Each structure stands twice: as C-alpha cells, then as structure tokens.
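Let me begin by presenting the structure, written as structure tokens, before commenting on it.
Here, each number is a calculation from the coordinates, and none is a lab measurement. Everything numeric in this text was worked out from a predicted model, so none of it was measured. For neighbour counting, all protein chains shown are included, and Cβ atoms are generated from backbone atoms with ideal geometry for every residue, glycine included.
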Amino acid sequence: MGIAYNSMFSSGTTAVEPDFIFELPDFTASCEDARAGIATVFSVRSDLCSKLELKVRDLKRRNPRMPKRQVSHLALVELITEERDCFPPQEFVLQTDLGDGAIAIDTIASAEKLRAKRLLAEMMETPAETAERLAVREARTDAFTVRAHGQIVSALLFGRE
C-alpha cells in the first residue's frame, strides 16, 4: 500500500482541503529522520505530490510490465534526486519491498554531494554543450508559449479549447 495523505494546504490563515488524496509509495529509509522528512515534504508541498503522480503515470506508460511498487519506487527516487534541496539533506537509502522476496534499494546522495556533482558537470561542459542545453530549454519554452497562444486564439475565434 502506501501512506495516504489528505494533505492540508495553507491559504492565508485558513486551511483548505485538496481535491485529491495523495498516496506516498510504501518505502523504508535508512534512518527515521529521512523517512519522516520525506513524508513531511509531501504533506506540505502539493506541487511535489502532483509531480510524483505524473512520474508514476509516465513510468507506467513507458514500462507497462513493471510491477506497480517498482514503478512507484523509481518515481520517488527520481523525484527526490531532481528536487534534492526540498528533502532531508543527509545521504540515505530508500528500500521498497516489491513482493516475492524482491527488494528495490537506491542510495540518495546527500544534497551537498549532488550540488557538487552538478557544479562539476557544468564546469566540465564545453561552450557548445552549454549553448545547446540553453537552446533546448529556450525552444521548449517557446513551444509551450506558441501552443498556449494557439489555444487562446482558437477559443476566441471558434469557441472551443
């Protein structure tokens, strides 16, 4: 199963119930502080809950034969790695029982070590690679903008979205 969170999101002084119940994948962390920290982050940050749900759906779509628990474990590891600064800073190990005696184990590097790796990768990047990475990021942004404008024009002219 997992840990179900009906998270409360703060809006000024009043709390508002979300429209969904988020289920955090069932996992074990190498220390209780890390597990509690991960659970706390997901109970407070609705955007990370949504990102995890999207990652799980995407992994399921790309790997239809992969067991659900393994998909959830991989999505959680991927999200924690991408959003490392939001989670407990120490290095920890995530472990998920996949059933039938199989276990998925991944080590999440400390936030400091991950920042150092990213900085080193950026420093080792050639100017051409930097320009290419920035161009790809800019092209994605432009594509989203063009699509949004097209939808707005279509809605205004033809009354459809």
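Checking the cross-link filter: which lysines have an alpha carbon closer than 21 Å to that of Lys55, excluding same-chain neighbours under 8 positions apart?
Lys55 reaches Lys68.
Taking neighbour Cβ counts within 10 Å as the exposure measure, how do Asp85, Asp58 sort from fewest upward? Numbers along the way, then the final one.
Values: Asp85 8, Asp58 13.
With the sparsest Cβ surroundings first, the list reads Asp85, Asp58.
Region 87-161: which trypsin sites (Lys or Arg not before Pro) are DSSP loop and have at most 15 other beta-carbon atoms within 10 angstrom? Could you put the intermediate results ahead of the total?
Numbers: sites: Lys113, Arg115, Lys117, Arg118, Arg133, Arg137, Arg140, Arg147, Arg160; in loops: Arg160.
When the trypsin sites (Lys or Arg not before Pro) of region 87-161 are filtered for loop state and at most 15 Cβ neighbours within 10 Å, Arg160 remain.
Label-point separation (nm) for Gln90 and Arg62, each offset 7 Å from Cα along Cα-to-Cβ?
According to this spin-label approximation, the distance is 3.2 nm.
Rounded to the nearest 0.05, what FRET efficiency do Cys31 and Thr130 give with R0 = 45 Å and r taken as the Cβ-Cβ distance? Could you check? Write out the running numbers ahead of the final one.
Values: r = 37 Å, r/R0 = 0.83.
It comes to 0.75.
Using only alpha carbon pairs under 8 Å that are at least six residues apart, calculate the relative contact order of region 69-161 and give it in whole percent. Could the numbers behind the result be given before it?
On the way: 56 pairs, mean separation 17.1, N = 93.
Result for region 69-161 is 18 percent.
Taking 0.36 nm per residue of sequence separation and subtracting the Cα-Cα distance, how much length would be gained by fully extending the chain between Arg137 and Leu157, in nm to one decimal?
Stretched fully, the Arg137-Leu157 segment lengthens by 4.1 nm.
How are the alpha carbon pair distances in region 17-122 distributed across 10 Å bins from zero to the largest one, expressed in percent?
14, 45, 34, 7, 0
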